[in-house]
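Chemist: Encoded as structure tokens, here's the structure I'll be asking about.
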Amino acid sequence: MSLWFDVARAAAGVNVALLLALVWVWGRNYAEFRSKHALGLAMFGVFLLGENAFALYIYLLDPTLSSWFASEAVPAIAWRGMMALHVLQTAGLLFLVWVTWD
């Protein structure tokens, strides 16, 4: 497996964990305050969580796609792009966690 695949997969896993924490906090805030802002953040988190969970499923569990992604069939430039998107998303989510829990 390539380094790009491993980094993209790890970043997607970290993103799922961060989004679970954020959705929990934002959902709890919505339940307590009933503000549209908290609801909007929670819904954003749920949709982004779905996207990252689906990416993780494709990278790890799907019998066809996981073997295709793990092989050398995907060009390195595509993996670098996918990895960059996942890593940038992780950096943004880390910042959101810091802001939310501060």
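Chemist: With unit charges on the beta carbon (Lys/Arg positive, Asp/Glu negative), name the residue among Val23, His37, Trp4 whose Cα is farthest towards the positive pole of the charge dipole of the stretch 1-69.
Modeler: It is His37.
Chemist: For the ranges 86-92, 28-34, 5-11, what's the packing order if you count other beta-carbon atoms within 10 Å of each residue, average per peptide, and put the highest first? List each step's numbers first, then the result.
Modeler: Details: 86-92: 16.1, 28-34: 12.4, 5-11: 19.4.
Put in order of decreasing packing, that is 5-11, 86-92, 28-34.
Chemist: Could you give the length gained by full extension between Glu72 and Trp101, i.e. 0.36 nm per residue of separation minus their alpha carbon distance, to one decimal place? If you can, show how the numbers build up before the last one.
Modeler: Numbers: separation 29, 0.36 × 29 = 10.44 nm, distance 4.07 nm.
Extra length available between Glu72 and Trp101 comes to 6.4 nm.
Chemist: Counting alpha carbon pairs within less than 8 Å and at least 6 residues apart, what relative contact order, in whole percent, applies to the stretch 12-102? Intermediate values should be presented prior to the final figure.
Modeler: Working: 59 pairs, mean separation 35.4, N = 91.
In percent, rounded to a whole number, it is 39.
Chemist: Round to a whole number: what % of the accessible area of the chain belongs to carbon and sulfur, probe 1.4 Å?
Modeler: Details: 4650 of 6280 Å².
Answer for the chain: carbon and sulfur cover 74 percent of the accessible area.
Chemist: For a bin width of 5 Å, list the pair-distance distribution of the stretch 43-102 built from all Cα-Cα distances, rounded to whole %.
Modeler: Binned Cα distances yield the sequence 4, 16, 18, 25, 16, 11, 6, 3, 1.
Chemist: When the chain is fully extended, how far beyond the present Cα-Cα distance does Ala31 get from Leu60, taking 0.36 nm per residue of separation?
Modeler: Here the answer is 7.0 nm.
Chemist: Also, I was wondering about something else. Suppose only helical runs count, i.e. DSSP H with n ≥ 4. What mean residue ellipticity at 222 nm does that imply for the chain under -39500 (n - 2.57) per run, divided by all residues and rounded to the nearest 500 deg cm²/dmol? Don't skip to the answer; put the middle values down first.
Modeler: Values: 4 runs with 90 residues, N = 102.
Result for the chain: -31000 deg cm²/dmol, rounded to the nearest 500.
Chemist: Determine the shape class of the chain: with a ≥ b ≥ c the square roots of the Cα gyration tensor eigenvalues, call it rounded for a/c under 1.5, and otherwise prolate if a/b is greater than b/c, oblate otherwise.
Modeler: Values: a/c = 3.39, a/b = 2.31, b/c = 1.47.
Note, shape of the chain comes out prolate.
Chemist: Here is a further query. Output wanted: per-residue J couplings in Hz (rounded whole) for the stretch 7-16, from phi through Karplus 6.51 cos²θ - 1.76 cosθ + 1.60, θ = phi - 60°, x for Gly and Pro.
Modeler: Couplings: 5, 4, 5, 5, 5, 5, x, 5, 4, 4 Hz.
Chemist: Roughly what angle does helix 36-60 make with the longest principal axis of the chain, taking Cα atoms, 0 to 90 degrees, to the nearest 10?
Modeler: So the helix axis and the longest Cα principal axis differ by about 20 degrees.
Chemist: Can I ask one more? Largest first, please: the extent of the C-alpha atoms of the stretch 14-74 along each principal axis, to the nearest Å.
Modeler: Over the stretch 14-74, Cα extents along the principal axes are 50, 15, 15 Å.
The values are calculated or read from the model by the stated rules, or taken from the named source; none is laboratory data. Computed from a predicted model, the values in this text were never measured in an experiment. Glycine gets a Cβ as well: all are built from the backbone with ideal geometry, and neighbour counts include every protein chain shown. Just so you know, the surface numbers come from the protein's heavy atoms only, side chains and all, with ligands and any DNA or RNA stripped out. Shrake-Rupley method; radii C 1.70, N 1.55, O 1.52, S 1.80 Å.
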